Amino acid sequence: ARLGVHLLTVHGTGPPPAAAVRGRGDSGLKLLAVTVLTNFDADDIRRMGYARDLADLVLLRARESVAAGVDGIVASGAEAARLREALGEGPVIVTPGVRSAGVPHGDQKRVVTPAEAIAGGADYIVAAREVTRAADPKAAVRRLQDDIHTAFAARTA
């Protein structure tokens, strides 16, 4: 917070969310709890020893983190609608692993389009690799902007 950071992510399970809330004190720092990385799918979660369904694990971590006082959640757009319904409008939802239609997913397994993320209730999307790995980054940004504009137009129609 003293460095002027506005958003900080923390691991969304166990003690880190509550410790981060205590640590930020009365600063304006916004804390976001990372639920389950978007490069994990249900098989990965089972291999790690979790008996819980992936979507249920995301929701459990989100609820516990919000109860600890974080300002928002980082979760795949695949879970955004369920999180928004369960958590209400208060917590921020940041959706990473967003790709325009037709863009390779790379190592990401729970990918959504900008329209799907926005329709699900995401407040922010993260689509970095689509831009950073593009042959024409400006064209990639324009494509994302068009996708976002179309999604918001559909949401308000």
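The values are calculated or read from the model by the stated rules, or taken from the named source; none is laboratory data. Computed from a predicted model, the values in this text were never measured in an experiment. Here the Cβ positions follow ideal geometry from the backbone for every residue, glycine too, while neighbour counts run over all protein chains shown. Protein only, heavy atoms only, side chains kept; ligands, DNA and RNA dropped before computing areas. Shrake-Rupley method; radii C 1.70, N 1.55, O 1.52, S 1.80 Å.
Note on region 98-157: Kirkwood radius taken over Cα pairs, Stokes-Einstein applied at 4 °C and 1.567 mPa s, translational D equal to 110 µm² s⁻¹.
Measuring r between the beta carbons of Arg63 and Asp43 and using R0 = 22 Å, the FRET efficiency lands at 0.35. Note on the chain: with a GNM built from Cα contacts shorter than 10 Å, the maximum mean-square fluctuation among Val141, Val92, Val111 falls on Val141. Between region 1-80 and region 116-148, the alpha-carbon centres lie 22 Å apart.
Global size of region 1-94: 13.4, 40 Å for Rg and Dmax (C-alpha atoms, Rg to one decimal, Dmax whole). Taking θ as phi - 60° and the Karplus parameters 6.51, -1.76 and 1.60, the scalar couplings of region 50-57 work out to 7, 8, 7, 4, 4, 4, 5, 5 Hz in sequence order, x denoting glycine and proline.
Rounded to the nearest 500, the 222 nm mean residue ellipticity of the chain from helices alone is -14000 deg cm²/dmol, with -39,500 (n - 2.57) taken per DSSP H run of at least 4 residues. For the residue pair Ser27 and Ala139, what label-to-label distance in nm results when each label sits 7 Å from Cα along the Cα-to-beta-carbon direction? Distance between label points: 4.2 nm.
A simple count of charges around Val5, restricted to other residues whose Cβ falls under 14 Å of its Cβ and scoring Lys, Arg +1 and Asp, Glu -1, yields +2.
With the biggest extent put first, the Cα atoms of the chain measure 42, 39, 33 Å across the principal axes.
Restriction of the GluC sites (Glu not before Pro) in region 87-157 to DSSP coil positions whose beta-carbon has at most 16 other beta-carbons within 10 angstrom yields Glu89.
Expressed as a whole percent, the accessible area of the chain that falls on carbon and sulfur atoms is 55 (1.4 Å probe). Surface exposure of region 100-145, expressed per residue as accessible area with a 1.4 Å probe, stands at 58 Å².
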